[in-house]
Amino acid sequence: MYSRETEIREAIRAGERALDSLREAQDSLGSARGWGLFDLFGGGSIIGLIKHAKLGDARESLNRARYDLECFGRELSDVRDLQGLKIEIGDFLTFADFFFDGFLADIMVQSKIRQAQENLDTAILRVENMLDRLRRIAR
């Protein structure tokens, strides 16, 4: 049986998981960016290895965020009788694809990290706004 309150609570929990994942991805990218800057200014092979390890961490974080955003979108679609309660997940999902599309040089890596961080900032803001709306409805 459909329970509007239950569906709203599930959507809120899914949104909170997505928000946590997005923030984790934001932290991972920040770390990768820092090591990338160090590498850019002559960090050497050890720094390059650390940078690539941090980029791997960021990749995993972004993939988790992507999955959690998809779950949030599904939970939002389960909430019936609420107008205008949609989130366009597609915009959020493209940042990971863009970020990992073939690194050619350290400058390009830094540029892609910066763009991915901006996209994460936007995604976090949108999820926070949607969660605020859901919490107001749940009261």
May I ask you to list pairs of residues, at least six apart or on different chains, whose Cβ atoms are under 7 Å apart, with the first in the stretch 42-62 being free of Cβ contacts under 8 Å to residues at least 12 places away in the same chain and the second being in a helix (DSSP H, G or I) and surrounded by 15 or more Cβ atoms within 10 Å (Cβ to Cβ)?
-> G48/D39
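Going by the conditions given, is S45 touching a Ser or Thr at 6+ places or on another chain (Cβ under 9 Å), modelled with pLDDT of 75 or more and of a type in the set (S, T, Y)? Spell out the reasoning first.
Details: touching a Ser or Thr at 6+ places or on another chain (Cβ under 9 Å): no; modelled with pLDDT of 75 or more: yes; of a type in the set (S, T, Y): yes.
Criteria not met by S45.
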Would you tally the residues in the stretch 27-40 being buried (at least 20 other Cβ atoms within 10 Å of the Cβ) and either in contact (Cβ under 8 Å) with a residue 40 or more places away in the chain or in contact with a strand residue (DSSP E or B) (Cβ under 6 Å, 6 or more places away or on another chain) (or both)?
-> 5
Of the residues that make up the stretch 68-76, is at least one at pLDDT 90 or above and surrounded by fewer than 20 Cβ atoms within 10 Å (Cβ to Cβ)?
-> yes
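Among what's in the stretch 41-61 and is on the phi < 0 side of the Ramachandran plot and outside any helix (DSSP H, G or I), pick the residue that is surrounded by the fewest Cβ atoms within 10 Å (Cβ to Cβ). Show your work before the answer.
Of the residues in the stretch 41-61, the ones on the phi < 0 side of the Ramachandran plot are 41, 43, 45-61.
Now narrow it down to the ones that are outside any helix (DSSP H, G or I): 41, 43.
Values: F41: 9, G43: 17.
Looking at the filtered set, the residue picked out is F41.
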Collect the residues in the stretch 106-132 that are more than 17 Å from the chain's Cα centre (by Cα) and surrounded by fewer than 13 Cβ atoms within 10 Å (Cβ to Cβ), keeping them in residue-number order.
-> I107, M108, S111, D132
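The values are calculated or read from the model by the stated rules, or taken from the named source; none is laboratory data. The model shown is predicted, which means the values in this text are computed figures rather than measured ones. We place every Cβ from the backbone using ideal geometry, glycine too, and count neighbours over all the protein chains shown.
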